[in-house]
Amino acid sequence: MTIEGIRGFPQDHTKALEYWHRAGELGIAKAYVNIGYAYQYGEGVEVDEKKAIHYYELAAMAGDADARHNLGLEEERVGNMERALNHHMIAVRAGDSDSLKEIQELYSKGHATKEDYTKALQSYQKYLMDIKSDQRDKAAAFSEDYRYY
């Protein structure tokens, strides 16, 4: 990735944003997450929360779980706990363990029901069962980097 300045190339935020826009237009949802992150944290652009949310929404509509998680965090920040819960539930169904932790936190603070948390746990368990394979288990046993559960 150009933004990180790896393999001897200098950091070039402008070029990274250009490539991410092109990738997003070609259907790569993660590219929109990267653009959203750039706007959220001012990586090569001025911080712009509205643009960050816009790009996270584009990525979420394309199925990206990280984008859903980020939208859930934003909804929590502004006090829309029901919308936050909905975003996190979608992310959990796609395997996002951070959103599962957020739902647990919402439950502990009284913003989600026991049913919501149970449903999230069941959804995450179903996701893990769906992706389980001998090859993944062997990789996970080989290195913590490959752990998927």
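The values are calculated or read from the model by the stated rules, or taken from the named source; none is laboratory data. Note that the structure is a prediction, hence the values are computed from the model and not measured. Cβ sites come from the backbone with ideal geometry, for glycine too, and all protein chains shown count toward neighbours. To get the accessible areas, we keep the full protein, side chains included, count just its heavy atoms, and leave off ligands, DNA and RNA. Shrake-Rupley method; radii C 1.70, N 1.55, O 1.52, S 1.80 Å.
Which of the residues that make up segment 111-149 are of a type in the set (A, V, I, L, M), assigned to a helix (DSSP H, G or I) and either open to solvent by less than 60 Å² (accessible area, probe 1.4 Å) or in contact (Cβ under 8 Å) with a residue 24 or more places away in the chain (or both)?
Quick first cut of segment 111-149, residues of a type in the set (A, V, I, L, M) only: 112, 120-121, 128-129, 131, 139-141.
Checking the rest, the ones that are also assigned to a helix (DSSP H, G or I) come to 120-121, 128-129, 131, 139-141.
Hits for segment 111-149 are A120, L128, I131, A139, A140.
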- line: Those residues of segment 56-84 which are open to solvent by 60 Å² or more (accessible area, probe 1.4 Å), part of a helix (DSSP H, G or I) and either more than 19 Å from D116 (Cβ to Cβ) or not acidic (D, E) (or both) amount to E57, M61, D66, L73, R77, R83
statement: Residue hits (segment 85-110; closer than 20 Å to E57 by Cα, assigned to a helix (DSSP H, G or I) and of a type outside the set (V, I, T)) are L85, N86, H87, H88, M89, A91, R93, S97, D98, S99, L100, E102
- request: Could you tell me whether segment 32-55 includes any residue that is out of contact with any Gly (no Cβ under 6 Å at 6 or more places or on another chain), within 28 Å of D130 (Cα to Cα) and open to solvent by 50 Å² or more (accessible area, probe 1.4 Å)?
  value: no
message: Need pairs with beta-carbon distance below 6 Å; first residue without any contact (Cβ under 8 Å) to a residue 40 or more places away in the chain and within segment 61-86, second open to solvent by 60 Å² or more (accessible area, probe 1.4 Å) and not in a helix (DSSP H, G or I); sequence gap 6+ or separate chains.
response: M81/H111
- prompt: Can E25 be described as open to solvent by 70 Å² or more (accessible area, probe 1.4 Å), within 22 Å of M61 (Cβ to Cβ) and without any contact (Cβ under 8 Å) to a residue 24 or more places away in the chain?
  reply: yes
- prompt: Within segment 1-22, how many residues turn out to be in contact (Cβ under 8 Å) with a residue 24 or more places away in the chain and open to solvent by less than 80 Å² (accessible area, probe 1.4 Å)?
  reply: 4
query: When you scan segment 1-41, how many residues do you find that are modelled with pLDDT of 95 or more and on the phi > 0 side of the Ramachandran plot?
result: 1
